[in-house]
Protein chains: 2
Amino acid sequence: MSTTTSTTRDSYDKIAARKQAERQSLIPEAWRLPAEKLAEYTSSPTANVLHVPRESGILNERELDITENHDAVSLLERLRKGPKDGGFSSEEVVVAFCKRAALAQQLTNCVTEILFDSGIARAKELDSRRAANPDEALPPLWGLPISLKDCFKVPGFDASAGMILFAEKPATEYSALPKLLYQLGAVFYCKTNVPQTMMTADSDNNVFGRTLNPNNKSLTAGGSSGGEGALVAMRGSVLGIGSDIAGSIRIPSYCCGTYGFKPSANIVPYAGQTNPAADGIPGILPVAGPLATSMRSCNYFMQVVMSNQPWKIDVDCLHIPWRGIAAPEKGSKLRIGIVEDDGILTATPPVRRTLRQAREKLARAGVEIVDIKLPGIKEDSATIWASFAMEGCKTVLEYIGAAEEPYVQSVQNIGLVAMKSMTMEELFAWNVTRSKIETKYRDLWLENDLDAILNPLTAHTAPPLDTWSSISQAIWNLVDYPSCIIPTGKVEAEDVVDQAAKYGADDEKIYQLYTGPEDYKGAPTALQLIGMKQEDENLTLLASFVDGILNEN
Amino acid sequence: MSTTTSTTRDSYDKIAARKQAERQSLIPEAWRLPAEKLAEYTSSPTANVLHVPRESGILNERELDITENHDAVSLLERLRKGPKDGGFSSEEVVVAFCKRAALAQQLTNCVTEILFDSGIARAKELDSRRAANPDEALPPLWGLPISLKDCFKVPGFDASAGMILFAEKPATEYSALPKLLYQLGAVFYCKTNVPQTMMTADSDNNVFGRTLNPNNKSLTAGGSSGGEGALVAMRGSVLGIGSDIAGSIRIPSYCCGTYGFKPSANIVPYAGQTNPAADGIPGILPVAGPLATSMRSCNYFMQVVMSNQPWKIDVDCLHIPWRGIAAPEKGSKLRIGIVEDDGILTATPPVRRTLRQAREKLARAGVEIVDIKLPGIKEDSATIWASFAMEGCKTVLEYIGAAEEPYVQSVQNIGLVAMKSMTMEELFAWNVTRSKIETKYRDLWLENDLDAILNPLTAHTAPPLDTWSSISQAIWNLVDYPSCIIPTGKVEAEDVVDQAAKYGADDEKIYQLYTGPEDYKGAPTALQLIGMKQEDENLTLLASFVDGILNEN
């Protein structure tokens, strides 16, 4: 690979300094927070910066309305109306989100590449083409700003994915999904931060630094789509694209308090991204999917992608069309399996509370609740890890080594270097094991006659920086069930510390990370809703239904 | 694997003699052809035995009607009616096909396991349960006899798949597909022959011997589902189940003159068969699918399987439901890409003629014809072979070695022993190469705006025994497009020998296998219709439409 045998380059810190200075330079002066204000907003160890954009004076009232009172679906409605009929132009929407993303960046370090100029230029072009051709049909994402996780490629901009080796090497082509979204009318205006290697839950790397959680800066923003989590939580984006092989859409959604939808594999185009593993590697497949400010925005994204023959743009996509299934009606008799914890980690007080409240609300709404347990997550976790180590992390270690950059803390924690690669015979055996696990989960589903499963993503809310260790969320990647994150609120005063850990010493250690409502002030609570494999359309309907009950929409 | 370290067993020929004697003993005396009659029917080197069941006197008029004047769909209609309303009982249908399968076996050696007793017992049971519960809804395959390729498991019977090692070891469970078909009302009454290793196109092995082509015994019956091809051609079955990883449904359909449908991977349950490769091996996936006496029987099979959530019985099945798409109407503007040959072998005279006639009929019917070429089959063939050699054929060599049985001729021809296994890195690279080939084919499809592709399965009709060498039909396995075989007639007097081979010495050698209409008397002609990946439902509709035009139904 020519990229790894690069000619002499600057040291990693010089490249990083240039990248960060360039990023800063692309934020217009008028959109910058004064240094003393910034210091003030972020001075508390548990600083919450969600309110800053409104107070900053940098967005006008209309821009605050655009960014705060709309989700992707209502913005698209207004964009389709156009300014003449009380709606919005693409330009004003894109500018509003550029401003807000600029603020989010200053407050949480969530953005990697800034595409404000080209985004605003495209929005203007869309507006004028429309003015010139008022009868032309508008594509389904017309004029909508969409943010992208850094690994997605847009021509002219780096897709370094937090690896020094790939910095200052602009992409020449679109990844498959941005290409499709662009064709459907989307406007790209920024890309967002990831962890070094994209294999941890802390979006921290040597190129761009660490993304902070806008709800409480002492807690992780999650990863690997952590930049998206923080940006969407700040409403610097109403619809961002992340990716997920072990929780990377769901963890940041969960930590930052956004909606997030992890599709089944090969439903949404994934091809053509910067990839920290060998091309053609088998095992658990990564997937692309949305993070958004509403469930219906995630659902609309899924509908738009699935309705547009994604296999035409990514040959790996399944030919599973959007069918327009009827939504379950209020009062429908749904059966939802509730999982209290993963059997390894005891749910901490805020997680137990939100699950209890959800159970009560669902029962009141007539949903049939079935208590179920996940069968044998402990053994299955070994199968999950084995997949991620399939090539002994050779490719990503080469990438990091070639740039002579140090490992960040969260990467050190997972011990990449010690991972053992597989032989062909071990791969065959791994496939057999996965198939058995898939069978076990399918049987769990059928025996309980489930419509969906609801569980906490993990035992805690967003934990302190570099402490995420749970892998059990990746079971849904292993068995390939779509799953989404539904925010339910915040840590409350009633969520007092207790000593309820019941699974032994390791559990106890993690359980103690929860130090009470004061330290966890502002930390979002959320639940995970899981659907049947490749029945992603069905999960969008169930998710709307359940979100409606949990959040009384 | 305990099966390979078996305790002392009899030599391979003793086991084979016992298996064959047992098979013979399970054919009732009254259903046996007198030895001299049998000799007479099969004495000519190009003997055609299709007419023998009618002449044998072993089936009565009603049994001849059942086996000759119906396909699976009309039989199911009559079975649903029942004998009181002018239809059939399951028992009489099953008995009729047992008789005819017994004759087919004596004439072509197409059957492996005989399940007549248990099949007839089940049919009786179905009939009496129905008589007792006349209002009970009947499942979609109620009472229909279905034949199975030997590798499918039915409890109580061997599934040796032509390997001595697995002979005399009755299965204890159903394979996934027979289990589903059984639940849906099917009756199993016999299993059918395959090649040793299931990797050649000649259904010949040391357990059961060689299956002959009922149209002309000097030509191969094809493989690996060759027993099904011969049995269905004899109308000893109206619906048989085969499997296909490189042509194994299509080759015998093509050679014997039956309809055959190779689905996309993971549409029809495949799990739980006797498998000549390591469990969990990646690469090209084998698929199960129907051989039948009519296109609509294949299509009905696909509809029944896809409508019944096959993932409930085989966790590998995709969640792609049958949707009930509207059929193209007479006069619909379809675009069909016609491929003259694979660019390696020149089509021989009967193949050129049938393709030319098809082209004319389709054009007259208003179909838009696009001439296309398959891009680079020669290079892609190496990718196909590499998949079959992924483990260096270690598993199947072990199975054959453990039984100390010799290789049959067609297995010697393909040179199993010399196949090189892959490393993990080579597997990753193979996946990348396959993806590029898939992209190339998808682009061919989109650029030509195709609804389907029509081509000859290979350059010749059924060739002489042990001479099949074409691999290009496996491109549709590699890119995973569903494809079906539509019979078009027989070799005709006008198909005179010529010297038209245009691709060099190897082509010339194969081309010369065609020695004219006298030697190839009775050899079926057929064409292959190919649909888009995972759009199997759509291909059933297109296949009905095209079959209607080619065969003026």
* Asked: Is it fair to say residue B:503 is open to solvent by 30 Å² or more (accessible area, probe 1.4 Å), farther than 30 Å from residue B:319 by Cα and touching a residue at least 60 places away in the same chain (Cβ under 8 Å)?
  -> yes
* **Complete set of residues in segment A:237-247 that are farther than 18 Å from residue A:299 by Cα and in contact with a Pro (Cβ under 8 Å, 6 or more places away or on another chain)** => A:245
* When residue A:167 is evaluated against the numbered criteria (1) of a type outside the set (Ser, Thr, Tyr); (2) closer than 26 Å to residue A:277 by Cα; (3) open to solvent by 10 Å² or more (accessible area, probe 1.4 Å), which criterion, by number, is the only one it fails? -> (3)
* Listed residues B:150, B:127; which is open to solvent by less than 10 Å² (accessible area, probe 1.4 Å) and touching a residue at least 12 places away in the same chain (Cβ under 8 Å)? -> B:150
* **Subset tally (residues that are in a helix (DSSP H, G or I), open to solvent by less than 60 Å² (accessible area, probe 1.4 Å) and facing chain A (nearest Cβ under 10 Å)) for segment B:308-319** => 1
* Are any residues in segment A:445-462 more than 25 Å from the chain's Cα centre (by Cα) and either crowded, with 18+ Cβ neighbours inside 10 Å or facing another protein chain (nearest Cβ under 9 Å) (or both), and if so, which ones? -> A:445, A:446, A:450
* Structure fact -> Subset of segment A:426-454, residues of a type in the set (Ser, Thr, Tyr) and touching a residue at least 24 places away in the same chain (Cβ under 8 Å), comes to A:433, A:441
* Residue within segment A:545-552 that is buried (at least 22 other Cβ atoms within 10 Å of the Cβ), among the aliphatic types (A, V, I, L, M), over 14 Å from residue A:349 (Cα atoms) and in contact with a Leu (Cβ under 6 Å, 6 or more places away or on another chain) present -> yes
* Inspect all residues belonging to segment A:334-341 and state whether any of them is open to solvent by 20 Å² or more (accessible area, probe 1.4 Å), part of a loop (DSSP other than H, G, I, E, B) and at pLDDT 95 or above. => yes
* assigned to a loop (DSSP other than H, G, I, E, B), over 25 Å from residue A:204 (Cα atoms) and at pLDDT 95 or above, is that true of residue A:508? -> no
* **Residue among A:534, A:512, A:499 that is within 14 Å of chain B (Cβ to nearest Cβ) and more than 17 Å from residue A:334 (Cβ to Cβ)** => A:534
* Structure fact -> Within segment A:413-425, the residues that are surrounded by fewer than 17 Cβ atoms within 10 Å (Cβ to Cβ) and facing another protein chain (nearest Cβ under 9 Å) are A:421, A:423, A:425
* Asked: What is the one condition in (1) part of a helix (DSSP H, G or I); (2) without any contact (Cβ under 8 Å) to a residue 60 or more places away in the chain; (3) among the polar types (S, T, N, Q) that residue B:20 does not satisfy?
  -> (2)
* Asked: Which condition breaks for residue B:416 when tested against (1) modelled with pLDDT of 95 or more; (2) in contact with a Leu (Cβ under 9 Å, 6 or more places away or on another chain)?
  -> (1)
* Are any residues in segment A:473-490 part of a helix (DSSP H, G or I) and of a type in the set (S, T, N, Q), and if so, which ones? -> A:473, A:477
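Condition check ((1) among the hydrophobic types (A, V, I, L, M, F, W, C); (2) at pLDDT below 95; (3) in a helix (DSSP H, G or I); (4) surrounded by fewer than 24 Cβ atoms within 10 Å (Cβ to Cβ)) across all residues:
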{"site": "B:55", "(1), (2), (3), (4)": "no, no, yes, yes"}
{"site": "B:118", "(1), (2), (3), (4)": "no, no, yes, yes"}
{"site": "B:131", "(1), (2), (3), (4)": "yes, no, yes, yes"}
{"site": "B:137", "(1), (2), (3), (4)": "yes, no, no, yes"}
{"site": "B:154", "(1), (2), (3), (4)": "yes, no, no, yes"}
* All but one of (1) open to solvent by 50 Å² or more (accessible area, probe 1.4 Å); (2) facing chain B (nearest Cβ under 9 Å) hold for residue A:442, so report the exception by its number. => (1)
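Matching residues to (1) within 13 Å of chain A (Cβ to nearest Cβ); (2) surrounded by fewer than 22 Cβ atoms within 10 Å (Cβ to Cβ):
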| position | (1), (2) |
| --- | --- |
| B:394 | yes, yes |
| B:407 | no, yes |
| B:428 | yes, yes |
| B:433 | yes, yes |
| B:438 | yes, yes |
| B:467 | no, yes |
| B:475 | no, no |
| B:493 | no, yes |
* To do: Would you check if there is a residue in segment B:256-264 being out of contact with any strand residue (DSSP E or B) (no Cβ under 8 Å at 6 or more places or on another chain) and under 23 Å from residue B:539 (Cα atoms)?
  => no
* Is it fair to say residue A:270 is open to solvent by 10 Å² or more (accessible area, probe 1.4 Å) and without any contact (Cβ under 8 Å) to a residue 24 or more places away in the chain? -> no
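Quick grid of which residues meet (1) closer than 30 Å to residue B:429 by Cβ; (2) within 14 Å of another protein chain (Cβ to nearest Cβ):
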residue: B:249; (1), (2): yes, no
residue: B:271; (1), (2): yes, yes
residue: B:295; (1), (2): no, no
residue: B:324; (1), (2): no, yes
residue: B:329; (1), (2): no, no
* Test for residue A:487: is it farther than 28 Å from residue A:442 by Cα and touching a strand residue (DSSP E or B) at 6+ places or on another chain (Cβ under 6 Å) -> no
* Asked: Do you know which residues across segment B:231-259 are among the basic types (Lys, Arg) and closer than 18 Å to residue B:74 by Cβ?
  -> B:235
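The values are calculated or read from the model by the stated rules, or taken from the named source; none is laboratory data. Every value quoted in this text rests on a predicted model; they were computed, and no experiment measured them. Reconstructed Cβ throughout: ideal geometry from the backbone, glycine too, with neighbour counts over all protein chains shown. Remember, those area values only see protein heavy atoms, side chains included, never the ligands or the DNA or RNA. Shrake-Rupley method; radii C 1.70, N 1.55, O 1.52, S 1.80 Å.
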